[in-house]
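Input: a single structure, listed below in structure tokens.
The values are calculated or read from the model by the stated rules, or taken from the named source; none is laboratory data. Just so you know, these numbers come straight off a predicted model, no measurement behind them. FYI the Cβ positions are ideal-geometry reconstructions off the backbone, even for glycines, and counts take in every protein chain you see. The accessibility values were calculated without ligands, DNA or RNA, using every heavy atom of the protein model including side chains. Shrake-Rupley method; radii C 1.70, N 1.55, O 1.52, S 1.80 Å.
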Amino acid sequence: MVPGTPPSPRLVAYARVSTARQGRSGLGLAAQRKVINDFAASTGADVLARFIEVESGRKNDRPQL
């Protein structure tokens, strides 16, 4: 890092699909991964961790969230 230069942003990524069928297809997760990767690249951010879930959004006790 160059003195006086702000550090790169750091991100934690969270992707979720609602159904096991969506999770098996990988389509929803693949699209979310692409958006996350594109955003990180465009902002110069580092993705520190990724969390992926196949759980309903109605549940408040989602393990990865």
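A few points about this structure:
- Rounded to whole Hz, the Karplus (6.51, -1.76, 1.60) HN-Hα couplings of the range 29-45, x for glycine and proline: 5, 5, 5, 5, 4, 4, 4, 4, 4, 5, 4, 4, 5, 6, 9, x, 8
- A crude spin-label estimate for the pair Phe39 and Ser8, with each label 7 Å from Cα along the Cβ direction, gives 1.7 nm.
- Rounded FRET efficiency, nearest 0.05, which uses the C-beta distance separating Thr19 from Leu48 and R0 of 25 Å: 0.35
- Accessible surface for Thr5 stands near 70 Å², nearest 10, in the context of the full protein assembly shown (1.4 Å probe).
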